[in-house]
Amino acid sequence: MPLDSFVNVFAGNPLERQSYRRADEAWLAERLADPDALALALWNGKPLVEDAKGGGVQIAYLAAGMAKALSAGWERLLFLGLWKETPVFAVDLDGDADPADPADGPLAGLGRFEDLRGVAMALPPTEAAIVATAKQVFEWRRKHRFCASCGAPTEPVEGGWKRVCHACDTQHFPRTDPVVIMLPVNGERCLLGRQAAWPRSMYSALAGFVEPGESIEEACARELFEEAGVVATKVRYHSTQPWPYPMSLMIGLIAEIEDGEAVADQVELDEVRWFSREEARALVRGDHADARAPGALAIAHQLIKAWAEEG
């Protein structure tokens, strides 16, 4: 479905999820048995990839039958959707031994496992989105194997998109944590912050989790005041980014703020700094004299770029 919106890295999954058919076990079994069905593999959260013709990398797809054999059941298997008529699954692998080890790995010769952050920009955007979807669901499943209501073990159903507790009949669904990430602006300058743990000289947008009973705008205003002591007067939406570290949805905003001094809270941020629009352009280009922005993978980069290019 085409949408008139800015698409960040990890957004734009092209698969038809077929969510309304996941409860049909017979239909899922037919898709898994389809000789054309494919699967991507993740080992400890790292996707199996291979070099692509013309540069970059691509998903190293497995036959779904191989993924089924490796998974030994739906606990490690996930139905992702259809690519046109082709079913696409994912298999979750873990442990110390690399499944693609050339010596004795079951996936030897089929690709190599790479950290997703490291290869996301080299993957086709649609494939990065597919991998991120699988990674987020697997992260949720790994951390929710027991019922939050009664503590009994849960089991995956509906292609891996739901877990059920047969002890108390509670149903559990994938968790997504909403995070506001915003660029505070005042006239021809923007405010960025940094944490001591970040790479040297890197400044980024401000961010924080949305709390229960809070609107996106309210969360934005609260976080700006708490972290930098600035007051938001107007908030506008830019874009969102599914962020698989581990299960967040980054809600990108540009916030106009009142005049006044900005002071880092020394808890979330060690420093805040004003940048002119020209300096913001230099940050995006990567040629600022003594500061740098996050890479293009991050929505923070896109917020800075969008504002810098407005003037």
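Put simply, of V137, V91 the only residue that is among the aliphatic types (A, V, I, L, M), in contact with a Ser or Thr (Cβ under 7 Å, 6 or more places away or on another chain) and without any contact (Cβ under 8 Å) to a residue 60 or more places away in the chain is V91.
For the stretch 27-41, state whether one or more residues are touching a Gly at 6+ places or on another chain (Cβ under 7 Å), touching a residue at least 40 places away in the same chain (Cβ under 8 Å) and not assigned by TED's automatic domain parsing to the domain that holds W243. Yes - at least one qualifying residue is present in the stretch 27-41.
The residues of the stretch 1-26 that are in contact (Cβ under 8 Å) with a residue 40 or more places away in the chain and aliphatic (A, V, I, L, M), listed by number, are V7, V9, A11, L15, A23. The single condition from (1) within 23 Å of M247 (Cβ to Cβ); (2) not hydroxyl-bearing (S, T, Y); (3) not assigned by TED's automatic domain parsing to the domain that holds L80 that K46 fails is (3). Return the total of residues in the stretch 168-211 being charged (D, E, K, R) and under 30 Å from A152 (Cα atoms). The number of residues fulfilling the criteria is 4.
Yes/no matrix, rows are residues, columns are (1) farther than 18 Å from P174 by Cβ; (2) in a helix (DSSP H, G or I):
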{"site": "W27", "(1), (2)": "yes, yes"}
{"site": "L40", "(1), (2)": "no, no"}
{"site": "P47", "(1), (2)": "yes, no"}
{"site": "G65", "(1), (2)": "yes, yes"}
{"site": "E75", "(1), (2)": "no, yes"}
{"site": "G95", "(1), (2)": "yes, no"}
{"site": "D98", "(1), (2)": "yes, no"}
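Scanning the stretch 225-260 for residues that are assigned to a loop (DSSP other than H, G, I, E, B) and either buried (at least 20 other Cβ atoms within 10 Å of the Cβ) or of a type in the set (F, W, Y) (or both) yields a total of 3.
Within the stretch 204-244, being touching a residue at least 40 places away in the same chain (Cβ under 8 Å) and aromatic (F, W, Y) holds for one residue alone: W243.
When restricted to residues that are in a strand (DSSP E or B), within 21 Å of V180 (Cβ to Cβ) and touching a Gly at 6+ places or on another chain (Cβ under 9 Å), the stretch 261-306 contains 3.
The values are calculated or read from the model by the stated rules, or taken from the named source; none is laboratory data. Everything numeric in this text was worked out from a predicted model, so none of it was measured. Cβ atoms come from the backbone with ideal geometry, glycine included; neighbour counts cover every protein chain shown.
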